[in-house]
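Quick notes on the structure that follows.
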Amino acid sequence: MNDYVIRVVASLSDLSPKAWNALLAGEAEPSPFMRHEYLVALHESGSASPESGWTPQYITLWRGGELRAACPAYIKTHSYGEYVFDWAWANAYEQHGLAYYPKAVVAVPFTPVPGARLLARDAQSRTLLVQALVAWCKQEELSSLHLLFGADADIAACTEAGLMLRNTVQFHWTNAVRGDSDPAIGYADFDAFLASLSHDKRKKIRQERRKVADAGVTFRWSRGACIAAADWDFFYRCYARTYREHGNPPYLSRDFFGRMADTMPEAWLLFIAEREGKPIAASLIALSTHDDDALVAYGRYWGAVERVDCLHFEACYYQPLAWCIAHGARRFEGGAQGEHKMARALMPVKTTSAHWLAHPAFADAVERFLEREGEGIENYMDHLGERSPFKAG
């Protein structure tokens, strides 16, 4: 153990992109959102910065000059942009005259996508990284540590270190296995996907798609470097409008998406809805970049400048699902929350976060709360399982 050195780095630009991305590529559950380019773009665009309540610190583990493990850690002064809600914990601290903020979060800002958070060469390095995180939190006198939407290996290391676990529910679509006679992954086409659903769900989807088509709306898609600057501009107009309609400023700046177009174009798929040759809506999908044979799509952002009945469903689910089927994607992750996604065949999956609290009494109270909440999540999953949109048998 004495061969290892822990270093805390304030800027990801001080770490080699090649070394960081090599760690990520070795993970069983990588995602494009943990790439060096993505995280740097968040910071350099001002989207995730100390001014917005996200102060980055990178905990790194070295051995013999080689980067063995690393993770992004943020000192947070609020709980926005995390999607694992701990407002009640913060309120309880405040009611007892204690400070919940600042706290530490190991996550990708504004991105509730499960995947590797603790990048490591091996299990031992990952375990040491968790220990280093807890020690760093104690040194900085932070109230707590929260690892959000972790991969299985992350959660195993956190469990070994004594962190508490919390489950939430997301909705993901999985491409079918055609059968023993045809072992290929994937539905043959969108009609084959519809045929797998119950009559009522199949009928509803066809009705929703017909409403959009009858309104004269058509779609086109562009991927990677083929996404034109004008389309990025229109997408951002839609994205920002959606946030402002809900009374919030957008988390991500236009500069952030410009950096994505420059440094990670292969990770993006854009759908533009048009009527009479005029763009009226946009839906941006992220794509895994590590293995074309295990392509995963992630529903991310959407917005519209005109209202058309069922346009959201078409732009955010049916067009992406049709693309995923045509291109052999294994999975489409629909993002946080939303039981309505089940009607579109996105099925419930549990996601897991891990938590450490410095205050012993509050740690005990939160542990009891998580036990009760966990039972509720299990019951909720059972309830959702009874509402499958697929044909019986």
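Kindly provide the set of residues from the range 134-153 that are touching a Cys at 6+ places or on another chain (Cβ under 9 Å) and either in a strand (DSSP E or B) or within 19 Å of Gly26 (Cα to Cα) (or both), ordered by number. Explain how you work it out, then say what you get.
We begin by selecting, within the range 134-153, every residue touching a Cys at 6+ places or on another chain (Cβ under 9 Å); these are 143-145, 147, 150.
Ser144, Leu145, Leu147, Gly150 - these are the residues of the range 134-153 that are touching a Cys at 6+ places or on another chain (Cβ under 9 Å) and either in a strand (DSSP E or B) or within 19 Å of Gly26 (Cα to Cα) (or both).
Find all pairs meeting these conditions: Cβ atoms under 8 angstrom apart; at least six residues apart or on different chains; first residue within the range 371-393 and closer than 18 Å to Ala345 by Cβ; second residue open to solvent by 70 Å² or more (accessible area, probe 1.4 Å) and outside any helix (DSSP H, G or I).
What qualifies is Met381/Lys350.
Tell me, which residue of the range 314-347 that is within 17 Å of Leu194 (Cβ to Cβ) and out of contact with any strand residue (DSSP E or B) (no Cβ under 7 Å at 6 or more places or on another chain) is surrounded by the fewest Cβ atoms within 10 Å (Cβ to Cβ)?
Residue satisfying both the conditions and the ranking: Ala326.
Is one or more of the residues making up the range 225-232 of a type in the set (Phe, Trp, Tyr) and in a helix (DSSP H, G or I)? I'd like the intermediate steps shown before the answer.
First, pick out the residues of the range 225-232 that are of a type in the set (Phe, Trp, Tyr): 232.
Among the residues that remain, those that are also in a helix (DSSP H, G or I) are: 232.
Looking through the range 225-232, at least one residue is of a type in the set (Phe, Trp, Tyr) and in a helix (DSSP H, G or I).
Cβ-Cβ under 9 Å, sequence separation 6+ or interchain: first residue in the range 1-28 and of a type outside the set (A, V, I, L, M, F, W, C), partner open to solvent by 70 Å² or more (accessible area, probe 1.4 Å). Which pairs?
Asp3/Arg63; Asp3/Gly64; Tyr4/Arg63; Ser13/Glu44; Gly26/Arg121; Glu27/His290
Take the residues in the range 28-47 that are surrounded by fewer than 21 Cβ atoms within 10 Å (Cβ to Cβ) and at pLDDT below 95; name whichever of them is farthest from the chain's Cα centre (by Cα).
Among those residues, the one meeting the criterion is Ala28.
Which of the following residues is within 18 Å of His36 (Cβ to Cβ) and open to solvent by 30 Å² or more (accessible area, probe 1.4 Å): Glu274, Glu306, Glu266? So that I can check it myself, show each step before the final result.
On the way: Glu274 fails: within 18 Å of His36 (Cβ to Cβ); Glu306 fails: within 18 Å of His36 (Cβ to Cβ).
Matching residue, one of Glu274, Glu306, Glu266: Glu266.
Results for (1) on the phi > 0 side of the Ramachandran plot; (2) loosely packed, with under 11 Cβ neighbours inside 10 Å; (3) assigned to a helix (DSSP H, G or I), shown as yes or no for each residue.
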{"position": "Trp356", "(1), (2), (3)": "no, no, no"}
{"position": "Asp364", "(1), (2), (3)": "no, no, yes"}
{"position": "Leu370", "(1), (2), (3)": "no, no, yes"}
{"position": "Glu373", "(1), (2), (3)": "no, no, yes"}
{"position": "Ile377", "(1), (2), (3)": "no, no, yes"}
{"position": "Asp382", "(1), (2), (3)": "no, yes, yes"}
{"position": "Ala392", "(1), (2), (3)": "no, yes, no"}
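May I ask you to say which residue of Val134, Val106, Val113 is farther than 28 Å from Pro348 by Cβ and of a type outside the set (Ser, Thr, Tyr)? Let's see the steps before the verdict.
On the way: Val106 fails: farther than 28 Å from Pro348 by Cβ; Val113 fails: farther than 28 Å from Pro348 by Cβ.
After ruling out the rest, the residue left standing is Val134.
For the range 271-320, which residues satisfy the criterion of being touching a Ser or Thr at 6+ places or on another chain (Cβ under 7 Å) and among the acidic types (Asp, Glu)?
Residue satisfying the conditions is Glu274 alone.
Looking at the range 162-173, which of its residues are small (Gly, Ala, Ser) and crowded, with 18+ Cβ neighbours inside 10 Å? Break it down stepwise before answering.
If we filter the range 162-173 for residues that are small (Gly, Ala, Ser), which is where we start, we get 162.
Those that are small (Gly, Ala, Ser) and crowded, with 18+ Cβ neighbours inside 10 Å: none in the range 162-173.
Consider only pairs whose beta carbons are under 6 Å apart and that are at least six residues apart or on different chains; among these, list those whose first residue lies in the range 74-86 and is aliphatic (A, V, I, L, M) and whose second residue is open to solvent by 10 Å² or more (accessible area, probe 1.4 Å) and not in a strand (DSSP E or B).
Ile75/Pro102
The values are calculated or read from the model by the stated rules, or taken from the named source; none is laboratory data. None of these values were measured; they are calculated from a predicted model. No Cβ is skipped: glycine too gets one built from the backbone with ideal geometry, and neighbour counts run over all protein chains shown. Accessible surface areas use protein heavy atoms only, side chains included; no ligands, DNA or RNA. Shrake-Rupley method; radii C 1.70, N 1.55, O 1.52, S 1.80 Å.
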